[in-house]
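Each remark here refers to the structure printed beneath this line.
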Amino acid sequence: MEKGLLYPVINQYRADEKLDGLWNFKFDPAGEGEQQGWQKGFDNGIKMPVPASFNDFFTDKDAREYTGDFWYSRHFFVPDYFKGQEIQIRFGAATHRAVVYVNGQEIRSHEGGFLPFTADVTDAVKFGQENVVAVKVNNELHRDALPAGDTETLKNGKKMAKPFFDFYNYSGLNRSVHLLAVPKKGIYDYSTSYDLGESKATVHYSVRADSGSNVKASLIDENGQVVATNEGKSGDLIVTQPKLWNVRDAYLYTIQFKLLDQDRVIDEYQDQIGLRTVEIKGHEILVNHKSVYLRGFGRHEDSIYAGRAFDLNVERRDMNLMKWIGANSFRSSHYPYDEQVYRFADREGILVIDEVPAVGFKMAAASFLGGLDQSFFDGDWTKELYKKHLDQINDMIQRDKNHPSVLAWSLFNEPDTSTNSAVPYFEKLFAATANLDPEKRPRTFTLNEDDTYEKSKCLKFPDFYLLNRYPGWYHKWGYEISDGEAGLRAELDEWQKSDIDKPIVFSEYGADTEPGLHKLPSIMWSEEYQIELLEMFNRVFDSYDFIRGEQPWNLADFQTVEGNMRVNGNKKGIFTRDRQPKAAAFYLRKRWTKLPLDY
Ligand SMILES: CCCN1C[C@@H](O)[C@H](O)[C@@H](C(=O)O)C1
């Protein structure tokens, strides 16, 4: 668990210099890096862009598919005037694990390829001089790690990733790297929660900072006017006539904390927040006590060239596509996205179901690759897996808890929930995560086709249900789709007859579609069939009032491992991988823009 994951800011107490750009890069298949002294830095090697996944830059298959250790290194200057500050190197993500060295000294290691971590390099850097950072990264997949998979060694001795999930194992320093100088006794974290009254809103805040200091908190509106202040490390900021953060109608306040030692300001942190509440009531999802019907997508951080790296240009386009089509939400399938994505969503009023990379926790998923027939939760890997799982939920909630866009936390994607061993694992995890979020937002996970109302043993845990269902594609496809609809309705009738009074959101359904393939009458893979499948699901959604959301899979086509079921990746996108519309995009836009934006 990280000490603090505050997003970097610049002010008169805090400096932030990005270390993005070309780093030196080397594969280390023989595991000889330390013995060769690479931890002291190296100037030879491939010039590798950061942030980026390394995979798609290469023209040879061994390099693209490389699995194992690989190294990054670059020089960086630490100015003399940073002296007295805590010097940190903050990695937005190193996929999937990393060891950080500065000037040859090992600083720390980190596990988890989709969340930030900070290396305190204060005692290792030379002030007023050039320094060198080296990072050993490893992208192997294991059953006791997130996301789950295996790593096999081929007969030629090369390692190969065998994911239990359907996205390419893009690896590297996928997000920005920052050199930070912050007060040694400063602000480590803050959190907020909200109460809305008739004509006022209360921001309950709490600041984690060095003992012996005090805090002056202010709330500033979009015109730069201070609308509320309070003294104390925790307390309330009360806003009269507040402008609430609403779905697709965002209003952001700046919250500012000044840390005082006696009456001297020693640190300052500012961030943008939105005044809103989230709750589940019966079959309804409520934002600011108003029912919301989620419409949007499962997504991936995925684009041509840089793979899983965050790309501001792609995110700007994706946000515009979601607004154009009438969406109001997305799920960060199947891992926490770059922090800038949530800042975009905060500004655009888009709701996010934030998902930890607990994907592939199901032997059926592994059986894509000849998996076992046992429960995923009674393997010799389960104990270690649980520790990493809880750690990454901790960090995801610690990192993303102050975003108004975050609606809920998804703790798994399609885990095994129908075996006896699943229950104690879920029991322990839901108990351990109950109080991590000061706002107590709903916690959920997606249910695979096999985990129906009758079969799943874990339906008591989630605050609402996310259903992934694929009639019309993985079964009852093509001309049989009418049987697919009948089966889906039969399952939902079971849910309806049950005493379950929680909302259901359809978080995955769809058809692989080759853009430009047209057929009358339709056939699978044609643009016409993708629309017919969506029409079938929408007919079903419109028949059950406890269905409170529709998020087809996927916003855009994305890269996966190669295989006889993938044509250069997954083609279930409503948009192509270069973000152009398939015919289904116009169909969904017609359906969704009929609804009020904030409904
Ligand atoms: C059947 C597993 C559920 N779902 C997971 C998602 O990651 C895949 O891309 C999607 C698909 O197969 O298109 C299926």
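Observations
- Cβ-Cβ under 8 Å pairs, at least 6 apart or on other chains, segment 146-174 side within 23 Å of Phe377 (Cβ to Cβ) and among the acidic types (Asp, Glu), far side open to solvent by less than 10 Å² (accessible area, probe 1.4 Å) and away from the ligand (no atom under 13 Å from the Cβ): Asp150/Leu141
- Search result, residues across segment 536-545 that are open to solvent by less than 10 Å² (accessible area, probe 1.4 Å) and part of a loop (DSSP other than H, G, I, E, B): none
- In segment 469-498, the residues that are away from the ligand (no atom under 16 Å from the Cβ) and among the hydroxyl-bearing types (Ser, Thr, Tyr): Tyr479, Ser482, Ser498
- Annotation for segment 504-515: at least one member residue is surrounded by fewer than 21 Cβ atoms within 10 Å (Cβ to Cβ) and farther than 25 Å from Asn413 by Cβ.
- Residue in segment 216-225 that is outside the structural domain of Asn468 (by TED's automatic domain parsing), open to solvent by 10 Å² or more (accessible area, probe 1.4 Å) and in contact with a His (Cβ under 7 Å, 6 or more places away or on another chain) present: no
- The criterion of at least 2 residues that are open to solvent by less than 20 Å² (accessible area, probe 1.4 Å), touching a Ser or Thr at 6+ places or on another chain (Cβ under 9 Å) and under 22 Å from Ala15 (Cβ atoms) is met, among strands (runs of 3 or more DSSP E) falling completely within segment 73-166, by 85-91, 129-138.
- Segment 590-599, subset within 25 Å of the chain's Cα centre (by Cα) and not aromatic (Phe, Trp, Tyr), residue most open to solvent (accessible area, probe 1.4 Å): Leu597
- Under the condition of being under 20 Å from the mean Cα position of the chain (by Cα) and within 14 Å of the ligand (Cβ to nearest atom), the residues counted in segment 524-560 number 10.
- Residues of segment 167-202 that are among the hydrophobic types (A, V, I, L, M, F, W, C) and surrounded by fewer than 17 Cβ atoms within 10 Å (Cβ to Cβ): Leu196 alone.
- Qualifying residue in segment 427-435 (condition: at pLDDT 95 or above, buried (at least 20 other Cβ atoms within 10 Å of the Cβ) and either of a type in the set (A, V, I, L, M) or outside the structural domain of Phe114 (by TED's automatic domain parsing) (or both)): yes
- Counting only residues that are open to solvent by 70 Å² or more (accessible area, probe 1.4 Å) and touching a residue at least 12 places away in the same chain (Cβ under 8 Å), segment 1-45 holds 10 of them.
- Residues that are among the hydrophobic types (A, V, I, L, M, F, W, C) and under 17 Å from Val314 (Cβ atoms) within segment 557-585 comprise Phe558, Ile574, Phe575, Ala585, listed in sequence order.
One line per residue, one yes/no per condition, for (1) outside any strand (DSSP E or B); (2) over 29 Å from the mean Cα position of the chain (by Cα); (3) not acidic (Asp, Glu):
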position	(1), (2), (3)
Lys216	no, yes, yes
Leu219	no, no, yes
Asn223	yes, yes, yes
Val239	no, yes, yes
Tyr251	yes, no, yes
Leu260	no, yes, yes
Tyr269	no, no, yes
Gln272	no, no, yes
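- Output for segment 440-468, where each listed residue is open to solvent by 40 Å² or more (accessible area, probe 1.4 Å), free of Cβ contacts under 8 Å to residues at least 60 places away in the same chain and within 16 Å of the ligand (Cβ to nearest atom): Glu449, Lys455
- Taking segment 167-209 as the range and being closer than 30 Å to Glu301 by Cα and not in a strand (DSSP E or B) as the test, the residues that pass are Phe167, Tyr168, Asn169, Tyr170, Ser171, Leu173, Asn174, Arg175, Ser176.
- Screening Lys323 on (1) among the basic types (Lys, Arg); (2) modelled with pLDDT of 95 or more; (3) within 16 Å of the ligand (Cβ to nearest atom) shows it passes everything except condition (3).
- Scanning segment 518-535 for residues that are assigned to a loop (DSSP other than H, G, I, E, B) and open to solvent by 60 Å² or more (accessible area, probe 1.4 Å) yields His518, Lys519, Leu520, Pro521, Ile523.
- Complete set of residues in segment 561-579 that are modelled with pLDDT of 95 or more, exposed (fewer than 15 other Cβ atoms within 10 Å of the Cβ) and either among the polar types (S, T, N, Q) or within 13 Å of the ligand (Cβ to nearest atom) (or both): Asn568
- Residue, surrounded by the fewest Cβ atoms within 10 Å (Cβ to Cβ), within segment 293-308, restricted to residues that are in a loop (DSSP other than H, G, I, E, B) and within 16 Å of the ligand (Cβ to nearest atom): Arg299
- Any chance Pro404 is within 15 Å of the ligand (Cβ to nearest atom), more than 17 Å from Val356 (Cα to Cα) and touching a Gly at 6+ places or on another chain (Cβ under 7 Å): no
- Selection from segment 274-291 of residues that are open to solvent by less than 30 Å² (accessible area, probe 1.4 Å) and part of a loop (DSSP other than H, G, I, E, B): Gly274, Leu275, Arg276, Thr277, Asn288
- Highlighted here are the strands (runs of 3 or more DSSP E) found entirely within segment 7-66 that include at least 3 residues which are closer than 30 Å to Gly84 by Cβ: 15-18.
The values are calculated or read from the model by the stated rules, or taken from the named source; none is laboratory data. Everything numeric in this text was worked out from a predicted model, so none of it was measured. Quick reminder, even Gly has a Cβ in these numbers, built from the backbone with ideal geometry, and neighbours come from all protein chains shown. Side chains are part of the model used for accessible areas, which takes the heavy atoms of the whole protein and leaves out ligands, DNA and RNA. Shrake-Rupley method; radii C 1.70, N 1.55, O 1.52, S 1.80 Å.
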